Amino acid sequence: MSKQELEVIIATDCGSTTTKAILIEKKDGVYRQTFRGEAPTTVEAPFEDVTKGVLNAITEVEELSGRKLLDGEKIIPNDGKNGADIYVSTSSAGGGLQMMVAGAVKAMTGESAQRCALGAGAIVMDVLATNDGRAGHEKIERIRQLRPDMMLLSGGTDGGTVTHVVELAQFLKSADPKPRLGASYKLPVIYAGNNKAQDKIKEILGDSTALIITENLRPSLERENLMPARHKIHDIFLEHVMQQAPGYPKLMKMVGAPIMPTPAAVGTMTEKFAKANNYNVLAVDIGGATTDVFSVFNGIFNRTVSANLGMSYSVSNVMAEAGLPNLLRWLTYGKIEEQDLRNRLKNKMIRPTTIPQTIQDLQIEHAAAREALRLAFEQHKALAVGLKGVQQERSISDAFEQTASGQSLIDVMKLNYIIGSGGILAHSPRRMQSMQMMIDAYQPEGVTMIAVDSIFMMPHLGVLSQLSEKAALDVFYNDCLVRLGTCIAPKGTAKKEGEKILDWKVVTPDGKEQTGELYSGDMVHIPFDAPEAKIIAKPAKGFDMGAGKGHEVEAHIEGGVVGLVFDGRGRPFSMPQNKEERIAKLKKWYTALDMYPAAAMDD
Amino acid sequence: MAHAYTPGLKVMPCTVITKKRLLPIPGKVLAEKGQQVDALDEVALTELPGKVFSINVANKLGVGAAEVAKYMLKKEGDKIEKGEILAETKPFVKWKFLQDLFKSTVEASITGTVESISTVTGQVLLREPPKRLPIKSYITGKIIDITPDFGVTVESEGTFIQGIFGVGGETNGEIVMAADRPDRDLLPEDIKDDYKGKIVIGGRYASLATIKKAIEKGVHALVVGGIDDRDLRLLLGYDIGVAVTGTEKIGITLIVTEGFGTIPMAHGTFELLKSRDGEKASVSGATQIRAGVMRPEIIVPGMPKHINEVKRDQGRGWIEPGDPIRIIREPYFGILGRVKSLPPELTVIGSESKARILEVELDNGEVIVVPRANIEVLEK
């Protein structure tokens, strides 16, 4: 079947707890998601067969749509009335793809190897490097303790020194690592380092591991070449890792395109969306245990996963990493004591499925979410950087702007679009809460559009985009994204509260105009649901909207279920240190945005 | 009849408990199928490969990496003693005293074997002797299955109680009741001198002072309703970020049956433990709440005095009107009641979310509404 002929598509995402199926149908030339079903994932005992959950989820779609899709365990070919043209799937069940990576120098090949594995959808358990500060025996102990699904070994530029990478290979051999699944097979090791060391590596690891040699992921200091190694990771994920997971060999026979690790599919969709619109995009998926962050800036894709920042299993770690004062700063309740907050968060950790029943409890979860999003973003910024160790040619003008190599690629002023997903963002009782959590966590500058993927459809669409970009993008725009609106935030700090910092005018395509002003220290909400419009924003002297201090900008915006949020708190914004002042400010902002019922914001 | 799925902790007077006791790497199984074993018996044994240490011999001798082999006095696989000379240079001088003066030597930093000699890096890897790693039966019972090279499955009939959270690993000891009621705080003075090596059962709460006193007295395990997170942090010296525990070395195994804060131990749990007072128990604090839930546990082999029937775990995971439950989230955290009804429709709750709820009747007759996600069924 050629790509043009796709009319009906069934797609599943096998998550750790739930398998979600969606049906996509082409109607009047446009692809739409029409029905969806879900069922518990069946990777663990007593079922130990992922296809059972998949069939259950598809059966639910059959029941809702009235379209017969299954003949036993097979997908029926599309005959116009029943069946589907293709079935595709992603998977993160069983803990996803867990990898360990190694590079010669931590900040150079170590970081490139980490970016390579993360971009392929893996969880990076550890990064080994010659200069990681651990003694040889500590490295060996670490390799032995962790049982990754596979290992990526890099190091050295092509033709450069072989010593470091050979040393790492020797440590690896001494550790004699075992894969996580299937103790009987050899650990797959991908070698993507100095091409001159390939023979030595074969000699050392050839017998004891399942060694795969590919192109160097850092052929020279100035160039990263991550794709060949990423492809190898996907191949091994399918050939080795998936083969060991319960029921996956069966699932692999059912699908019409290779199964993708869920985060890799989300990354692919983020990239396609960014490219189609020429946007800089930030996408986040905040779960119970982990937070994934994806970004595309100036066409460069990056992904990070913060393995211990999440809303239930890891919520206690959010508190540990952010510190209690950072959580407390978002609460309008002055009487909550440290002891009480600590116990509440620990109780959420040990009983992760409970939900907030009161506004106070909801505010605590929202505070934890902001901090988890903020910390995961910090980690992302630290990895999404230019190549380190590159010699830079400087002109005289550069001398005044002393930037080192390895600067973060993320610039919130140039960020066009934020997409949030995960329960806390997708299912907030009020959509404004989702929007505000993302604004507080990321502090976007200038004009930034914000949306949520309310049923986490990006994995399905990512894998589908490999076959039909049109189908994936159609559904993405029409059914996946819930547009919240646009945040308008001048960068700068005001000398005093209440001074005017922005004049703005919004013009819709049919010529309707709306104007207003923004004063420092204020948050303003303007309901606005036009799918697109134009904003002309003239910041005051000392404030920047992207064109320089005091310069007017004109930008494309989107309305949505929330509308426009004008953030006059300044950038960077700081919260008053005094508790009473802080609570008064929060109440003023939350009331202006109608975030929580006013009566429920007091102790 | 309306019912709904709910998780719950197991509190079973007498059930069949099976435990897989497996080595992390292959080894030798020491027990046979059908054999009766005591909790402290070793059932399998393996040897962990020793730690590896590296020495850059090329650097130390001041020679090229490719030349290292010719200066080595030991080959790969040779046994070495700490301080023994591994490699030395041979100066081209005639007299021995001058040879001794100019030669450089490299000594072994550990006792063990030479693992590898690299002529690329000039590095020599030494490995310590293997470590003995036995695995004990943990519970008293009968071996019902053997996993060749890895271990056994032990089966036992007895009392099985799960806690919600624990720290510290497996231990054993005699149960002793240190609190007379489930709603009483366990105070430092309640920890007596003769509690050494015992499993001490408290009431609703133990403070840091109480836990420290128990450690000081050599108590093997402490079981209470609740503790404060701040105390846990002070005890461990760090915050537990993710609930994966069991390897802490704090000199005691601590099991919390209800949660963080001051929460009376469930009546059923307390009474059941009381009925096994003075008997030997196996206890583990290991908790893992992600991917394959594991809760801390107390296992007492044999039947309690008033029980003569073994109830197998039915794996019942639903609730019905009349079931005794505990609320596990604010604003009613820790309160007990009975399910009154289970309305099927989604209901807007106090946080403005829509959720499936249930009506709970409290002991004083008051009826409250709680999301179904926020309750736990207590064993009847």
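Every read-out reported here was derived from the displayed coordinates using simple, explicitly stated rules and does not represent laboratory data. What you see is a predicted model; the values in this text were computed from it and never measured. A quick note on method: Cβ atoms are made from the backbone with ideal geometry, for glycine too, and the neighbour counts reach across all protein chains shown.
Annotation: lysines with alpha-carbon distance below 28 angstrom to residue A:496 (same-chain offsets under eight excluded): A:414, A:505, A:538, A:541, A:549, A:579, A:585, A:587, A:588. Here the Gaussian network model covers chain B, with springs between Cα atoms less than 10 Å apart; of B:129, B:182, B:13, B:129 fluctuates the most.
In this simple spin-label model, placing a label point 7 Å from the Cα along the Cα-to-Cβ direction at both residue A:541 and residue B:306 gives a separation of 8.6 nm. Taking only Cα atoms, what is the 0 to 90° angle, nearest 10, from helix A:262-277's long axis to the longest principal axis of chain A? The answer is roughly 50 degrees. Would you mind getting me the FRET efficiency between residue A:599 and residue A:514? Use the beta-carbon distance for r and R0 = 41 Å, nearest 0.05. Once rounded, the FRET efficiency stands at 0.85.
When the Gaussian network model of chain B links Cα atoms closer than 10 Å, the mean-square fluctuations of B:333, B:97, B:150 top out at B:97. 3J(HN,Hα) along the stretch B:92-107, derived from phi through the Karplus expression 6.51 cos²θ - 1.76 cosθ + 1.60 where θ = phi - 60°, amounts to 7, 10, 7, 7, 5, 5, 6, 4, 4, 5, 9, 6, 10, 10, 10, 9 Hz, with x in place of Gly and Pro. Bridge orientation summary for the protein assembly as shown: considering DSSP beta bridges with both residues in this region, about 70 percent are antiparallel.
Were the residues from residue B:196 through residue B:38 laid out at 0.36 nm apart, the gain over their Cα-Cα distance would be 54.8 nm. Label-to-label distance, residue B:155 versus residue B:216, with points set 7 angstrom from Cα along the beta-carbon direction: 4.7 nm.
Set the Förster radius R0 to 25 Å, insert the Cβ-Cβ distance between residue A:202 and residue A:300 as r into 1/(1 + (r/R0)^6), and round the FRET efficiency to 0.05.
Calculated value: 0.15.
When the pairs A:202/B:20; A:81/A:275; A:232/A:381; A:272/A:534 are compared against a 29 Å limit on Cα-Cα distance, A:202/B:20; A:81/A:275 fall above it.
Residues of the stretch A:319-344 with an amide N closer than 16 Å to a point placed 7 Å from the Cα of residue A:588 along the Cα-to-Cβ direction: A:332. With helices as the sole contributors, the protein assembly as shown gives -7000 deg cm²/dmol at 222 nm; each DSSP H run of n ≥ 4 counts as -39500 (n - 2.57), and the sum is divided by every residue. Within the stretch B:326-346, list the residues whose amide N lies under 14 Å from a label point set 7 Å along Cα→Cβ of residue B:183. Of the residues in the stretch B:326-346, B:334-337 have backbone N under 14 Å from the label point off residue B:183.
The relative contact order of the stretch B:199-270, computed from alpha carbon pairs under 8 Å that lie at least 6 residues apart in sequence, is 41 percent.
Phi-derived couplings, Karplus 6.51 cos²θ - 1.76 cosθ + 1.60 at θ = phi - 60°, listed residue by residue for the stretch A:217-229: 7, 9, x, 9, 4, 7, 9, 9, 9, 7, 5, x, 5 Hz, with x used for Gly and Pro. Of B:272, B:61, B:236, the residue with the greatest mean-square motion in the GNM of chain B, using alpha carbon springs below 10 Å, is B:61.
Under the criterion of Cα pairs below 8 Å and six or more residues apart, the relative contact order for the stretch A:96-247 equals 24 percent. Using alpha carbons only, how many degrees (0 to 90, rounded to 10) separate the axis of helix A:50-65 from the longest principal axis of chain A? That works out to roughly 50 degrees. In this simple spin-label approximation, residue B:367 and residue A:579 carry label points 7 Å from Cα along the Cα→Cβ vector, and these lie 4.0 nm apart.
Residues in the stretch A:433-445 carry Karplus couplings, in order, of 4, 4, 4, 5, 4, 5, 5, 5, 6, 9, 6, x, 10 Hz; the curve used is 6.51 cos²θ - 1.76 cosθ + 1.60 with θ = phi - 60°, and Gly or Pro positions show x.
Close amide H partners of residue A:97, meaning residues 5 or more places away or on another chain with modelled amide H under 5 Å apart, are A:123.
If one computes the Cα centroid of the stretch B:102-180 and of the stretch A:15-61, what distance in Å separates the two points? Cα centroid of the stretch B:102-180 versus Cα centroid of the stretch A:15-61: 42 Å apart. Between the amide H of residue B:164 and those of B:256, B:257, B:258, distances stay under 5 Å, these residues lying 5 or more places away or on another chain, with hydrogens modeled in the peptide plane. Taking a 27 Å limit on the Cα-Cα distance, which of the listed pairs B:33/B:198; A:26/A:253; A:250/A:348 fall beyond it? Pairs exceeding the cut-off: B:33/B:198; A:250/A:348. I need the calculated FRET efficiency for the pair residue A:505 and residue A:478, taking r as the beta carbon distance and R₀ as 35 Å, to the nearest 0.05. For residue A:505 and residue A:478, the calculated efficiency is 0.75. Compute the acute angle (0 to 90°) between the alpha-carbon long axis of helix A:136-145 and the principal axis of greatest extent of the alpha-carbon atoms of chain A; round to the nearest 10°. Helix A:136-145 sits at roughly 90 degrees to that axis.
DSSP bridge analysis restricted to the stretch A:3-93 gives an antiparallel fraction near 75%, rounded to the nearest 5.
Database remark: amide H of residue B:323 closer than 5 angstrom to the amide H of B:339 (H placed geometrically; neighbours at sequence offset of 5 or more, or on other chains; Pro and chain starts carry no H).
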